[in-house]
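Chemist: Handing you this structure, nothing more for now.
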Amino acid sequence: MTAWAPGAPAVLAVALAFTLWWSGGSLCAAAALDDSQRMDESAALTDWLARAGLDDLLAVTLDEQVRKSTASNPAAIARLADAYLRLANSAADEDRIADLRIRIEKFLRGSGVPDPGRLMLALGRADYRMALRGIERIRQGWIDNATRARTEASLLQSLKSLDQLADRLTASIAENQLRIGGVEEQQRIALLAARDDDVMLLLSAKFLRAWCRYWLLWIDRPAIATRLSPPAAWSARARALVTEWSELLETGKAFPEPGDCSVDLISQEYYAQSILAMALTRALDGEMQIAERWFALLEQPGVWDGLVNSSPWYLHALVDAGSYSQAEALLGDPTKSIGSTAVVGAAIRAVKESPLDPHAIACARLAVTRAAVEGDFSSVRRLAREAPALLVGDDFAACLARGIESYDRGRSESDSALKRASLASAALDLSLALTTAPADRQTGVAVQELLAWAQLGAGQPCDAAASFLSAANQLVGGRADEALWMAVQSAATGNCPDEAGNKGAWGLELARHYLARHEVGNHAVGAAAMLARVPDAHNDDALVDRLIREAARGGDSVAARASAGLLLYRRFRGAEGSERAIEAGRLLALPPLDASFWPRGGIDLVIRQQLEAALDPVVGRVDDARAILKVIAAKYPIGQEPIELRSELGVRRLCVALALHDPAIALEAIGAVRAIADAQWRPVAEGLFIRSMESSLASGKQTPAESVPAYLGLVLARRAVRESARESGDPQLAEAANRALGRALVRGAAALRKSGLSAANLPSGADPQTMAKEALAIARELLAQRPDDADAVGLLADAGIAMGDSATAYEALTRLVAALPMRSDAWFERKADLCELMIASQPDEVRKILTQHAVLIPEWGPGEGGKRLKDLAMRLGVNAPPGAPAGEKSK
């Protein structure tokens with residue numbers, strides 16, 4: 001790549017250095033240090049800093065010397081100027097340049113600074129260098145407001161420095177010119193030399209300033225559609241810039257012709273670059289025919305070496321002018337050398353500005369081929385995004401672009417069926433692309449590898465294995481190693497047959513081939529283990545036993561242990577009953593792996609499999625699980641585990657706590673899981689906890705006081721489930737969770753009342769009244785949505801009873817008794833609830849209700865509801881009517 005070829009942003013800064021004066025030496029070369037200064041105690045330090053190249057520290061040290069010196073110190077000033085010059089020329093970011101600008105400008109305000117113009121030019125060049133980064137991004141089609149703003153700011157800052165320098169130099173040149181005529185010969189020679197230095201420096205400043213103005217003009221260029229009638233202010237800037245380039249080319253005209261230039265000077269860097277700039281400016285202003293004549297100058301023999309190949313810039317100009325048909329012809333010319341980066345950038349800008357232009361699309365199609373030759377598929381992706389028309393056709397570019405687009409879509413698809421379909425489509429197009437690929441080995445191999453990955457994802461592992469193998473046979477070194485390893489894995493995954501049709505044999509054959517070709521390759525140990533990794537390998541008892549033996553030997557057996565663990569885990573998951581416990585025992589018997597060998601920032605997979613097996617309900621080896629958790633905690637204390645595994649381990653600890661039937665420990669464990677808020681594991685934990693607590697309460701083995709932690713835990717769990725349901729956005733799920741929470745609150749409030757525990761012994765907010773009040777609010781929320789919801793009315797009644805709100809409870813129970821099917825179990829229970837609620841305040845009314853009930857249903861009713869009604873009748877002396885069964889009459 002030549003110094004001015006697109007893709008080398010630093011080259012524009014290089015253009016500012018004119019060999020004539022650039023090689024003149026250090027700023028301090030003419031500054032001699034006298035003997036007294038050389039003996040200064042700080043001289044040794046500054047000399048050492050200079051030799052070590054520590055210019056920043058050197059500048060700080062010299063600056064301090066200059067400031068603290070009681071007399072003029074020209075040697076230190078000269079060395080400081082030299083250090084600042086080097087720092088400005090090497091500054092690599094905006095903040096660094098801004099800091100240097102403050103320091104250098106302060107330094108320049110002092111007296112005795114040699115050649116201050118060079119420092120000012122260096123500041124302008126540094127800002128310009130920063131701008132080139134943004135310019136290069138914009139030229140590559142990466143356009144965003146932030147990049148544009150930073151680039152424009154750097155260009156404007158550079159212009160500011162250069163304008164100040166130009167004014168200063170112009171004044172200095174004029175002053176020296178006036179003084180030359182009236183001085184002695186020796187002084188006249190010195191003034192002439194100073195004037196000539198200023199002239200050269202001014203030329204440099206004007207040259208760099210013109211480039212700044214060109215890039216500002218380019219950034220502000222109007223759209224192609226309006227290029228024939230651009231804004232007047234923009235056109236005025238373009239015309240003024242042409243005049244600036246003309247001055248630098250010394251044509252003596254405001255709007256010169258190429259013939260006005262000196263052909264003898266095109267071998268000089270600044271002159272050739274000024275011709276290039278003139279061509280770019282005329283093209284940008286819509287004068288492409290004139291621009292081509294300027295470009296023709298750069299095709300002449302003897303042009304500066306950095307522009308021997310101006311084709312990348314010609315392409316840049318053609319795209320700026322909207323001359324896409326010419327750009328297409330240029331890209332199709334095999335004699336023109338243009339790098340992939342320049343081609344892709346130009347094509348993307350073309351299709352962004354003119355997305356429907358067929359020649360712009362053709363440029364993008366040619367750019368796809370250029371990028372593919374260099375294996376640059378990311379650029380192919382960009383081109384396809386900017387020019388969807390590329391996806392149409394059956395040529396190499398279209399097939400490759402379609403294949404990559406389908407491949408990316410498949411990789412990002414979450415639905416397994418759609419993923420396979422997209423990747424299958426990618427595999428088809430990439431296969432077609434291979435048949436029309438350029439005659440370049442690198443291109444074919446790159447497409448072959450991508451095809452293999454697409455086939456693997458499309459559920460075509462045997463085809464993928466063949467593609468990986470084909471790529472591996474064309475590659476060397478690490479890429480060949482990896483490609484062949486993927487062939488082994490693909491064949492094993494697909495249980496692919498060998499040439500003789502033996503199912504599953506090809507994977508083993510490829511694994512052996514890998515070991516023969518890469519005996520000490522990256523995956524040699526893994527390949528040995530992969531010999532067992534064909535589908536259904538866990539059913540091969542001999543193979544499993546062999547891997548267990550290998551794992552037990554220790555040493556270099558990590559891969560064997562992992563394979564044994566995987567196969568035993570599969571056997572455990574697939575077994576039932578006593579066989580499941582046996583396989584779990586074999587898995588748990590695998591030797592531990594020292595934590596220092598665990599994956600970096602992770603946990604050994606086998607130990608996770610063992611933990612799951614130990615906690616399986618059929619296995620029930622809780623002590624083993626506790627021991628495993630202890631090993632993990634030694635490596636990662638609770639709460640400090642790898643974030644992606646923290647929820648999983650929290651659920652395992654919860655299982656241990658539940659297995660120990662300790663509600664308090666379970667509450668602590670579920671709290672830890674809730675704190676993680678893991679979308680995958682938290683619902684699992686909540687479900688485990690709820691089922692365990694419900695089972696514990698249903699057993700009836702706990703006293704009212706002992707049951708309180710379980711009831712409170714259920715409330716917390718139900719509340720967490722409701723939060724998750726609401727976050728899911730499913731209104732039905734959220735409503736069901738809300739109902740369940742309401743029921744848990746009512747039950748919890750009742751349990752608290754029965755327990756007799758004082759508020760001091762309960763968590764904040766865990767009192768019957770507060771819980772009942774929340775349940776009441778939930779019931780009303782549900783009824784606001786569906787006023788006739790019997791379940792919600794029932795919750796309202798229960799919450800009212802629990803809260804002591806008799807009026808609310810009475811209204812709700814009255815509605816329920818009237819609405820429920822008569823003689824249903826629920827009707828009897830709710831009628832009993834109503835009577836029990838009224839008995840304290842309206843005993844006579846209850847007697848009437850029970851008397852009427854006894855007439856209609858002398859047997860009082862089935863189940864708990866009927867029994868409660870009968871008990872109430874006995875308490876109030878209500879007798880069953882004559883003729884009722886003897887056993888049913890109240891005594």
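The values are calculated or read from the model by the stated rules, or taken from the named source; none is laboratory data. All of these numbers come straight from a predicted model, not from anything done at the bench. We place every Cβ from the backbone using ideal geometry, glycine too, and count neighbours over all the protein chains shown.
Chemist: Taking D624, is it of a type outside the set (V, I, T) and without any contact (Cβ under 8 Å) to a residue 12 or more places away in the chain?
Modeler: No.
Chemist: V618 is checked against (1) crowded, with 19+ Cβ neighbours inside 10 Å; (2) under 21 Å from G565 (Cα atoms); (3) β-branched (V, I, T) and fails just one. What number does that condition carry?
Modeler: (1)
Chemist: Against the condition farther than 22 Å from E353 by Cα and either among the polar types (S, T, N, Q) or buried (at least 16 other Cβ atoms within 10 Å of the Cβ) (or both), how does Q268 come out, does it pass?
Modeler: Yes; evaluated as a whole, the condition is true for this residue.
Chemist: Tell me which of these N145 doesn't satisfy, since it passes every other one: (1) out of contact with any Lys or Arg (no Cβ under 9 Å at 6 or more places or on another chain); (2) closer than 22 Å to L217 by Cβ; (3) at pLDDT 90 or above; (4) not aromatic (F, W, Y).
Modeler: Looking at each condition in turn, N145 falls short on (3).
Chemist: I've got another one for you. Can you tell me which condition I338 does not meet? The list is (1) part of a helix (DSSP H, G or I); (2) under 36 Å from the mean Cα position of the chain (by Cα), and all the others hold.
Modeler: Status for I338: all satisfied but (1).
Chemist: Determine, yes or no, whether A734 is closer than 24 Å to R718 by Cα and not acidic (D, E).
Modeler: The answer is yes for A734.
Chemist: Restricting attention to segment 45-91, and to residues there that are outside any helix (DSSP H, G or I) and of a type in the set (A, V, I, L, M, F, W, C), which single residue is surrounded by the most Cβ atoms within 10 Å (Cβ to Cβ)?
Modeler: Once the filter is applied, the top-ranked residue is A91.
Chemist: Being assigned to a helix (DSSP H, G or I) and farther than 24 Å from L80 by Cα, is that true of even one residue in segment 113-127?
Modeler: No - not one qualifying residue is present in segment 113-127.
Chemist: Within the bounds of segment 700-720, is there any residue that is touching a helix residue (DSSP H, G or I) at 6+ places or on another chain (Cβ under 8 Å), surrounded by fewer than 19 Cβ atoms within 10 Å (Cβ to Cβ) and over 29 Å from D767 (Cβ atoms)?
Modeler: no
Chemist: Given (1) surrounded by fewer than 18 Cβ atoms within 10 Å (Cβ to Cβ); (2) more than 30 Å from W313 (Cβ to Cβ), where does L423 come up short, assuming only one miss?
Modeler: Exception for L423: condition (1).
Chemist: Looking at segment 368-386, which of its residues are free of Cβ contacts under 8 Å to residues at least 40 places away in the same chain and within 28 Å of the chain's Cα centre (by Cα)?
Modeler: V368, A371, D376, S378, S379, V380, R381, L383, A384, R385
Chemist: In addition: Given the criteria closer than 26 Å to A705 by Cα and either modelled with pLDDT under 85 or outside any helix (DSSP H, G or I) (or both), does P763 qualify?
Modeler: Yes, satisfied.
Chemist: If you don't mind, another one. Given the condition at pLDDT 90 or above, farther than 23 Å from A471 by Cα and of a type in the set (G, A, S), answer yes or no: does some residue in segment 399-413 qualify?
Modeler: yes
Chemist: Which residues, taken from segment 469-509, are under 18 Å from N522 (Cα atoms) and of a type in the set (V, I, T)?
Modeler: Result: V476, V488.
Chemist: Could you look through segment 715-750, keep only residues that are among the β-branched types (V, I, T) and more than 33 Å from the chain's Cα centre (by Cα), and pick out the one that is modelled with the lowest pLDDT?
Modeler: Across segment 715-750, the extreme among qualifying residues is V715.
Chemist: Further question: Take the residues in segment 251-300 that are β-branched (V, I, T) and outside any helix (DSSP H, G or I), then tell me which one is nearest to the chain's Cα centre (by Cα).
Modeler: I266
Chemist: Another question, if that's okay. Output the number of residues of segment 420-444 satisfying the condition of being acidic (D, E) and outside any helix (DSSP H, G or I).
Modeler: 1
Chemist: Within segment 365-384, restricting attention to residues that are small (G, A, S) and within 17 Å of K336 (Cα to Cα), which residue is surrounded by the most Cβ atoms within 10 Å (Cβ to Cβ)?
Modeler: My answer is A367.
Chemist: Would you be able to say whether some residue in segment 173-181 is surrounded by 13 or more Cβ atoms within 10 Å (Cβ to Cβ) and at pLDDT 85 or above?
Modeler: Yes, segment 173-181 contains at least one residue that is surrounded by 13 or more Cβ atoms within 10 Å (Cβ to Cβ) and at pLDDT 85 or above.
Chemist: Restricting to segment 787-815, name every residue that is surrounded by fewer than 21 Cβ atoms within 10 Å (Cβ to Cβ) and hydrophobic (A, V, I, L, M, F, W, C).
Modeler: A790, A807
Chemist: For segment 554-589, give me each residue that is over 14 Å from P617 (Cα atoms), over 38 Å from the mean Cα position of the chain (by Cα) and part of a loop (DSSP other than H, G, I, E, B).
Modeler: G554, G555, A589
Chemist: When V303 is evaluated against the numbered criteria (1) in a helix (DSSP H, G or I); (2) among the aliphatic types (A, V, I, L, M); (3) more than 20 Å from K352 (Cβ to Cβ), which criterion, by number, is the only one it fails?
Modeler: Failed condition: (1).
Chemist: Within the group G526, G521, which residue is part of a helix (DSSP H, G or I) and either surrounded by fewer than 16 Cβ atoms within 10 Å (Cβ to Cβ) or touching a helix residue (DSSP H, G or I) at 6+ places or on another chain (Cβ under 9 Å) (or both)?
Modeler: Within the list G526, G521, the selection yields G526.
Chemist: Here is a follow-up. Does V606 qualify as being surrounded by 14 or more Cβ atoms within 10 Å (Cβ to Cβ), more than 20 Å from P642 (Cβ to Cβ) and among the β-branched types (V, I, T)?
Modeler: No.
Chemist: Look at S379 and say whether it is modelled with pLDDT of 90 or more, under 22 Å from E449 (Cα atoms) and of a type in the set (S, T, N, Q).
Modeler: yes
Chemist: If you don't mind, there's one more thing I want to ask. So V606 fits all but one of (1) in a helix (DSSP H, G or I); (2) without any contact (Cβ under 8 Å) to a residue 40 or more places away in the chain; (3) of a type in the set (A, V, I, L, M); what number is the exception?
Modeler: Just one mismatch for V606, condition (2).
Chemist: Can you tell me which residue among C462, C496 is surrounded by fewer than 19 Cβ atoms within 10 Å (Cβ to Cβ) and without any contact (Cβ under 8 Å) to a residue 60 or more places away in the chain?
Modeler: Being surrounded by fewer than 19 Cβ atoms within 10 Å (Cβ to Cβ) and without any contact (Cβ under 8 Å) to a residue 60 or more places away in the chain holds for just one of C462, C496, which is C462.
Chemist: Additional query: Take the conditions surrounded by fewer than 21 Cβ atoms within 10 Å (Cβ to Cβ), within 35 Å of the chain's Cα centre (by Cα) and at pLDDT 90 or above and apply them to E94. Does it pass?
Modeler: Spelling it out, it is not the case that E94 is surrounded by fewer than 21 Cβ atoms within 10 Å (Cβ to Cβ), within 35 Å of the chain's Cα centre (by Cα) and at pLDDT 90 or above.
Chemist: Looking only at segment 805-843, which residues are touching a residue at least 12 places away in the same chain (Cβ under 8 Å) and in a loop (DSSP other than H, G, I, E, B)?
Modeler: Hits for segment 805-843 are D805, L820, R823, I839, S841.
Chemist: Looking at D285 and the list (1) charged (D, E, K, R); (2) surrounded by 14 or more Cβ atoms within 10 Å (Cβ to Cβ); (3) farther than 30 Å from P231 by Cα, which single condition is not satisfied?
Modeler: (3)
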